[in-house]
Amino acid sequence: MPEIFVITEHRKGKFRDVTFEMLALADKIASANDCSVTAVLLTDHAYGLAEELKSACDCVLIAEDPALGNYSADEYLAVLEKIIAQKNPLLTLVGNTAMGMDLAPAMSTRFSIPCVSDCVNVEISDNASLKLERQIYGGKINACLLMKPSSKYIATVRAGTFPADRDRGKNAKIENFPVPAFDNLGKRQFIEYIEEITEDVDITAADILVSVGRGIGKPENIALAQEFADAIGATVSCSRPVADKGWLPKSRQVGTSGKTVKPKIYIALGISGAFQHQAGMKNAETIIAVNKDPNAPIFNIAHYGIVMDMFQFLPKITEKFKQEK
Ligand SMILES: Cc1cc2nc3c(=O)[nH]c(=O)nc-3n(C[C@H](O)[C@H](O)[C@H](O)COP(=O)(O)OP(=O)(O)OC[C@H]3O[C@@H](n4cnc5c(N)ncnc54)[C@H](O)[C@@H]3O)c2cc1C
């Protein structure tokens, strides 16, 4: 049975969501093509991490060594070279993240496997070649690519594209892979993580976002959106013009040149829905848009649309939630 590998990504002992997003995609491809899904875990301490993967794949393949605690390209490549040569996976999925953008091209050239980056969908076509979807022109167009037939493929997967459900109803077997000796490696070495210094909130971690666009008019009006957000326990984010004008910090900007968010509820206030903005929020579970223009593109992706002047909407809705508290 052909295997799909997912190179898991973890940092400081915690999986990054992209790991489970890739496992969701791998599961989808595997179900359609009778393949099995293997999560490849390179770590210095598999205990706990491997357990977290068990319900999301068919096999957890562990390579455990003190040198694999943090991502380091030379060590990862040395181990993956052995694993891939021995196991022959048809497809290897890697996150299109800082780690994956470093690792996947190096795997592709070192192991002579064709690689496509930043995919938003991957399928196996009838003739066993790979069919991929990528966004081009900043997300305005989805391009469908068919790869030339090959015995193996690598694809990097855009973070935030698939649901990060941890329980896929599986019970994976655990397999340990012997780690080769790391002699004469180390042109690059992991030194430390330097966390981004931010005194602001992390909009990617919020369950509910109240997002303001240029329609908010002037900086003083942001207080109205903040009051509404406080009443419903939300965080305030924004479109690019609001950040560009300095009305909210850049760390609050959603979109291609801002952050990708996937909250449970995204409330867009006075945001037209340009594709650069949509690219950062269209995977929110529920999108509610308030806009006075009924033809605003945001309504094409909104689950609920309110055609209204937000300055009439905001005081009323805030008051309603305050009363119910
Ligand atoms: C390379 C590049 C990268 C970009 N990256 C990003 C990005 O990361 N994020 C991003 O957001 N944009 C980004 N943009 C900009 C993007 O193209 C749009 O210009 C931007 O998203 C528009 O922001 P907006 O919807 O707030 O403003 P507008 O497009 O001006 O829309 C304002 C909306 O408010 C509505 N409105 C006005 N008054 C009211 C009212 N009183 N009540 C209700 N509705 C009202 C209007 O009907 C309108 O639909 C990028 C552009 C480029 C070229």
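The values are calculated or read from the model by the stated rules, or taken from the named source; none is laboratory data. Keep in mind the model is a prediction, meaning the values are calculated, not measured. All Cβ positions, glycine included, derive from the backbone under ideal geometry; neighbour counts span all protein chains shown. All accessible areas refer to the heavy atoms of the entire protein, side chains included, with ligands and DNA or RNA removed. Shrake-Rupley method; radii C 1.70, N 1.55, O 1.52, S 1.80 Å.
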> Are any residues in region 120-137 open to solvent by less than 50 Å² (accessible area, probe 1.4 Å) and either in a strand (DSSP E or B) or over 26 Å from Gln86 (Cα atoms) (or both), and if so, which ones?
Replying inline: Val120, Asn121, Val122, Ile124, Leu130, Leu132, Gln135
>> One residue is enough: does region 275-292 have a residue meeting the conditions within 11 Å of the ligand (Cβ to nearest atom), part of a loop (DSSP other than H, G, I, E, B), closer than 30 Å to Asp102 by Cα and open to solvent by less than 10 Å² (accessible area, probe 1.4 Å)?
In response: no
>> Out of the residues in region 267-293 meeting the condition of being of a type in the set (Val, Ile, Thr) and under 11 Å from Gly215 (Cβ atoms), tell me which one is nearest to the chain's Cα centre (by Cα).
In response: Ile271
> Name the residues in region 215-259 that are surrounded by 21 or more Cβ atoms within 10 Å (Cβ to Cβ), within 10 Å of the ligand (Cβ to nearest atom) and in a loop (DSSP other than H, G, I, E, B), would you?
Replying inline: Ser239, Gly255, Gly258
> Yes or no: Ala205 surrounded by fewer than 22 Cβ atoms within 10 Å (Cβ to Cβ), of a type in the set (A, V, I, L, M), within 12 Å of the ligand (Cβ to nearest atom) and within 28 Å of Asp17 (Cα to Cα)?
Replying inline: no
>> Filter region 168-214 down to the residues that are touching a strand residue (DSSP E or B) at 6+ places or on another chain (Cβ under 7 Å) and not in a loop (DSSP other than H, G, I, E, B) and list them by number.
In response: Lys173, Ile174, Glu175, Asn176, Ile203, Thr204, Ile208, Leu209, Val210, Ser211, Val212
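Here's the yes/no breakdown for (1) outside any strand (DSSP E or B); (2) among the hydroxyl-bearing types (Ser, Thr, Tyr); (3) not assigned by TED's automatic domain parsing to the domain that holds Thr256:
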residue	(1), (2), (3)
Thr109	yes, yes, yes
Asp118	no, no, yes
Cys144	no, no, yes
Ser151	yes, yes, yes
Thr156	no, yes, yes
> How many residues does region 293-302 contain that are near the ligand (Cβ under 8 Å from one of its atoms) and either open to solvent by less than 10 Å² (accessible area, probe 1.4 Å) or closer than 23 Å to Ala159 by Cβ (or both)?
Replying inline: 2
> For region 119-141, how many residues meet the condition of being in contact with a strand residue (DSSP E or B) (Cβ under 8 Å, 6 or more places away or on another chain) and within 19 Å of Gly95 (Cα to Cα)?
Replying inline: 13
>> Can you report the number of residues in region 172-189 which are on the phi < 0 side of the Ramachandran plot and either modelled with pLDDT of 95 or more or open to solvent by less than 70 Å² (accessible area, probe 1.4 Å) (or both)?
In response: 11
